[in-house]
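The values are calculated or read from the model by the stated rules, or taken from the named source; none is laboratory data. All values derive from a computational prediction rather than experimental measurement. We place every Cβ from the backbone using ideal geometry, glycine too, and count neighbours over all the protein chains shown.
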Amino acid sequence: MAPELVVALDVPALEEARRLVALLRPTVRWFKVGMELFTAAGPAAVEAVRAEGGAVLLDLKLHDIPHTVAGAVRRAARLEAEMLTLHLAGGAAMIRAAVDAARDAGTGLRLLGITRLTSEPATSSEFTWSVAETAVGVADLGVDGVVASVHEAAAVRAACPPGFLIVAPGIRPAGAGADDQARVATPAEAAHAGCDFIVVGRPIIRAFDPLQAAVAIMREMAALAAPV
Ligand code: C5P
């Protein structure tokens with residue numbers, strides 16, 4: 001199956017986010033609300049996507065003491081975000097607290113662990129292996145998936161249990177600039193690597209025609225999805 005497209009609503013104001021969601025729905029179902037928009041608009045940003053029938057990946061990259069992270073997970077579950085990110089560097093106690101809070105909330109909130117940011121270059125041949133190893137460890141702790149680059153996706157897929165989610169940012173259609181991303185890949189490469197979701201921001205939201213840019217990315221993935 002082709003990966004699902006998540007459009008990153010990396011904009012500074014709620015009105016701009018609403019405009020993008022209205023333009024991209026119903027072609028695009030998934031939207032990412034991250035630090036910039038959530039800092040500006042708070043829960044209203046999640047509600048704006050849900051009001052249009054969209055699904056939310058709340059990308060807050062939580063990283064704090066277990067008690068604080070558990071509290072934030074409970075609030076995210078109450079907002080009915082479908083997925084929430086946390087930094088795996090927070091350690092096992094923090095991860096366990098987050099997993100327990102998500103389960104107790106009972107809303108089906110899925111937790112995604114940030115392995116290594118896609119703006120970080122791969123510095124050694126052990127890099128891919130270490131991301132996959134981290135993914136195995138957090139799958140055991142009950143995390144639902146990881147955010148990783150396409151370059152680590154195959155290793156994560158091979159190492160982790162079936163159903164473990166792989167969400168890949170750092171996606172750039174052929175010919176697009178990398179911006180501040182380092183471990184980039186094309187939508188076709190993401191499909192071929194077996195990612196479940198790709199996250200795309202600037203190549204869509206800064207396009208002259210964001211809907212056309214999103215459709216082109218979805219077509220490219222549908223044509224090259226890995227055989228199941
Ligand atoms: O504009 P661009 O397509 O680079 O946006 C990628 C989005 O994915 C950004 O919102 C960024 O915060 C997010 N992200 C990332 N790398 C991660 C986790 C999230 O680029 N490891």
Count of residues meeting criterion [more than 15 Å from the ligand (Cβ to nearest atom) and farther than 19 Å from Glu189 by Cα] in the range 130-158: 8
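Condition check ((1) within 19 Å of Glu82 (Cβ to Cβ); (2) touching a helix residue (DSSP H, G or I) at 6+ places or on another chain (Cβ under 6 Å); (3) aromatic (Phe, Trp, Tyr)) across all residues:
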{"residue": "Val150", "(1), (2), (3)": "no, yes, no"}
{"residue": "Ala153", "(1), (2), (3)": "no, no, no"}
{"residue": "Ala178", "(1), (2), (3)": "no, no, no"}
{"residue": "Pro187", "(1), (2), (3)": "no, yes, no"}
{"residue": "Cys195", "(1), (2), (3)": "yes, yes, no"}
{"residue": "Val215", "(1), (2), (3)": "no, no, no"}
Set Val46, Val11: member being of a type in the set (Val, Ile, Thr), within 16 Å of the ligand (Cβ to nearest atom) and not in a helix (DSSP H, G or I): Val11
Hey, Gly170 on the phi > 0 side of the Ramachandran plot and surrounded by fewer than 20 Cβ atoms within 10 Å (Cβ to Cβ) or not: no
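Residue by residue, here is whether (1) within 16 Å of the ligand (Cβ to nearest atom); (2) within 24 Å of Ala214 (Cα to Cα); (3) surrounded by 19 or more Cβ atoms within 10 Å (Cβ to Cβ); (4) not β-branched (Val, Ile, Thr) holds:
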{"site": "Val21", "(1), (2), (3), (4)": "yes, yes, yes, no"}
{"site": "Val28", "(1), (2), (3), (4)": "yes, yes, yes, no"}
{"site": "Leu37", "(1), (2), (3), (4)": "yes, yes, yes, yes"}
{"site": "Ala70", "(1), (2), (3), (4)": "no, no, yes, yes"}
{"site": "Arg75", "(1), (2), (3), (4)": "no, no, no, yes"}
Whichever residue in the range 193-218 is away from the ligand (no atom under 14 Å from the Cβ) and at pLDDT 95 or above and, among such residues, is farthest from Val56 (Cα to Cα): Phe208
Complete set of residues in the range 173-186 that are within 11 Å of the ligand (Cβ to nearest atom) and crowded, with 19+ Cβ neighbours inside 10 Å: Gln181, Arg183, Val184
Residue in the range 119-133 that is surrounded by 23 or more Cβ atoms within 10 Å (Cβ to Cβ) and either touching a strand residue (DSSP E or B) at 6+ places or on another chain (Cβ under 7 Å) or not hydrophobic (A, V, I, L, M, F, W, C) (or both) present: no
